[in-house]
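The values are calculated or read from the model by the stated rules, or taken from the named source; none is laboratory data. Source: prediction; values computed, not measured. Using ideal geometry, Cβ is built from the backbone for each residue, glycine included, and neighbour counts are taken over all protein chains shown.
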Amino acid sequence: MIEKGYTSIYTTYDKNSAVSLISALSANEIKIMYRTSTETGSDDVLHEICVKEEDVNQSHNILFDLKIIDQEKL
């Protein structure tokens, strides 16, 4: 269950992507909620990043900017 007032904006199995987004959001002073989950017996860890509802648009812009930068590296 997500804490009231927070919305999930990103889920990934890639820890580096999660850490990168967390760093970018923190640099922009956006409060986050971060959690991980796994299924029993699974080696995969799902990372979920949530932000306050009023920060969703700005957070999506930051996420899209990061994804564009990642694509340019290819």
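Below is a table of values for the structure above.
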item	result
Residue list for segment 18-39, restricted to those being more than 17 Å from residue 57 (Cβ to Cβ) and touching a Leu at 6+ places or on another chain (Cβ under 8 Å)	20, 36, 37, 38
Any chance residue 54 is on the phi > 0 side of the Ramachandran plot and either touching a His at 6+ places or on another chain (Cβ under 7 Å) or of a type in the set (Asp, Glu) (or both)	no
Subset of segment 1-37 [of a type in the set (Lys, Arg) and loosely packed, with under 11 Cβ neighbours inside 10 Å]	4
Segment 1-37 - residue that is assigned to a strand (DSSP E or B) and among the polar types (S, T, N, Q) and, of those, farthest from residue 53 (Cα to Cα)	37
Among residues of segment 1-30, those that are closer than 16 Å to residue 64 by Cα, aliphatic (A, V, I, L, M) and out of contact with any Phe, Trp or Tyr (no Cβ under 9 Å at 6 or more places or on another chain), counted	6
Selected residue (only one of 56, 51 is surrounded by 11 or more Cβ atoms within 10 Å (Cβ to Cβ), in contact (Cβ under 8 Å) with a residue 24 or more places away in the chain, of a type in the set (A, V, I, L, M, F, W, C) and not in a helix (DSSP H, G or I))	51
In segment 27-63, the residues that are out of contact with any strand residue (DSSP E or B) (no Cβ under 8 Å at 6 or more places or on another chain) and at pLDDT below 90	39, 40, 41, 42, 43, 44
